[in-house]
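The next block holds one structure in the form of structure tokens; read it before the comments.
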Amino acid sequence: MAKILIISPISIGANMTGPAIRYWEFTKQLALKHSIFLTAPTLEISSLLPQLPPTVQLYPSEKKTLEWIAREVDAILLQGLVTYHHPFLLKQKAPLIIDLYDPVFLENLEIYTNLKEGETLALHNFSLATQIQQLQHGDFFLCASEKQRDFWLGMLGAFNRLNPVTYQQDKTFRRLIDVVSFGIPSSPPRLSRRVLKGVYKTIGKDDFVVLWGGGLWNWFDPITLIYAMKRICEQRKDIKLFFMGVKYPSLEVSEMKKTQEAIELAKSLNLYDRFVFFNDWVPYQERENYLLEADIGISIHTHTIETEFSFRTRILDYIWAGLPIVATRGDLLGNWIENNQLGLLVSPGDIEELKQAILRMADEPSLREHCKAQLSHIASQLRWEKVIAPLEHFCERPERAPDKTLRDQLPAYPTLSRPLGYYAKKLLYYYRTGGVQYLLKKIRRLIHVRNL
């Protein structure tokens, strides 16, 4: 049994965003075999405590607390700005597990869009520098998909982490970086009370409910969706759109500009609280009631670089609840939806196509039933106990990356110099090939190249 320190960058409580959910579920799974210290900026989990085994200890992520725990554990798992706020973690003997499932510096390109140029560049440089520091110091890395892994392998290669030493340890580099995606609970969701149909404002008991399961981040596209709802409502009055959460529960997360834009648009089109509803935030333990009352789940985004490497975590809730999906094509989960017939895909920014997809879902119960059958099949592959396997494997035998002790020989920024023996052999070859004059010519050329 290993001792593992898990540091959530986001507060953990009844209301949680993606990273907090991830580390909460990691804790529950790893605690079945290991002793876990779970820390977060704040912990408000009285309602969640019954789920935890006795092998879990909870602490706020304060410097003094982290210092003594870090000295006692066998591995440390972290993500985000944790190492910026607590740089001493980079110097601990315990191996560092760096979670890269959320490519933050790519997301920030969208978040910083509306700032002044100087601020944008400064914040980008800070975000990227933090990521680079972790790539240089990590012993084992997690990501959410094979496509993400390809991206991060490129980054690791650029900073000399794919080298003869780590290659000798594992020629696939799976011991350095592996895929641990988001997961879903092993037990099915259960309806404990009515929360939407015939209960919430003007949502009728026989209405068709379109559910947006997560927050309104800047790279999402609720604007196209709300315009589509305007066209739908001109034809039908029984289709309603419900956003599960727009007021972020963690102080570490600022309100997104896209949230206010969506609310203002819904009001201007006379849809607000009539056909389009914005909820504050649904507690983690309550989300299954909303999922089970909805008819379809939806996730619409713009096409940016973030899309290429994203992992839409709340779509997994749709899969868990057997909720047919309408989503934008172009990302990993869009491919899943299409390849496994889990729902319908639409083009980014296409209002009419989105309208028709929602209407088709509403008008074709047989299509929804087919999607539900497919969702049930794929759900079994995405349970937390399955997706977490590479992390569990590392925690069974935590160890430092073998190249971490060879920083002098494996610098992060390699030089163009070669071993002296290489040059001695080359000079001898030139002498034997062309004599003294040819040798001097090659030496002059070599000195010229090195001075460039």
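Overview of results
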item	result
Under Karplus coefficients 6.51, -1.76 and 1.60, residue-wise ³J(HN,Hα) of the range 55-65 in Hz, glycine/proline x	7, 10, 10, 10, 8, x, 7, 8, 4, 4, 5
Across LYS237/LYS355; LYS33/LYS147; LYS230/LYS267; LYS93/LYS404; LYS64/LYS91, pairs whose alpha-carbon gap is larger than 18 Å	LYS33/LYS147
DSSP-loop GluC sites (Glu not before Pro) across the range 181-277, with at most 15 other Cβ within 10 angstrom	GLU234, GLU255
Least to most buried among CYS143, CYS233 (fewest other Cβ within 10 Å first)	CYS233, CYS143
Reachable aspartates and glutamates from LYS247, criterion Cα separation under 13 angstrom, eight or more residues apart if same chain	GLU255, ASP280
The range 1-99: trypsin sites (Lys or Arg not before Pro) falling in loop per DSSP and having at most 11 other Cβ within 10 Å	LYS93
Column: log10 I(q)/I(0), Debye, Cα scatterers of the chain, q = 0.10 Å⁻¹	-0.78
Computed lengthening from TYR438 to SER380, 0.36 nm per intervening residue step minus Cα-Cα distance	13.9 nm
Integer Hz, Karplus 6.51/-1.76/1.60 couplings in order for the range 24-29, x for Gly and Pro	5, 6, 4, 4, 4, 6
Estimated 222 nm signal from helices in the chain, with DSSP H stretches of n ≥ 4 weighted -39500 (n - 2.57), rounded to 500	-13500 deg cm²/dmol
Shape of the range 70-155, Cα gyration tensor, a/c cut at 1.5	oblate
Extension reserve of the ASP206-LEU191 stretch, reckoned as 0.36 nm per residue once the Cα distance is removed	3.7 nm
Cβ-derived FRET efficiency at R0 35 Å, LEU90 paired with ALA373, nearest 0.05	0.10
From phi via Karplus (6.51, -1.76, 1.60), per-residue ³J(HN,Hα) for the range 363-373 in Hz, x at Gly/Pro	8, 10, x, 5, 5, 5, 5, 4, 4, 4, 5
Efficiency of FRET between ARG360 and ASN335 - r from beta-carbon atoms, R0 25 angstrom, step 0.05	0.80
Ranking of SER61, SER35, SER192 by count of other Cβ atoms within 10 Å, fewest first	SER192, SER35, SER61
Sorted by Cβ density within 10 Å, fewest first, the residues ASP280, ASP317	ASP280, ASP317
Size descriptor, Kirkwood hydrodynamic radius, that averages inverse alpha-carbon separations across the range 208-382, Å	16.1
Amide H contacts of ARG383 (H built 1.01 Å from N, under 5 Å, at least 5 apart or other chain)	ILE184
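Here, each number is a calculation from the coordinates, and none is a lab measurement. Just so we're clear, the structure is a prediction, and the values are computed from it rather than from any experiment. Virtual Cβ from ideal backbone geometry, glycine too; neighbours counted across all protein chains shown.
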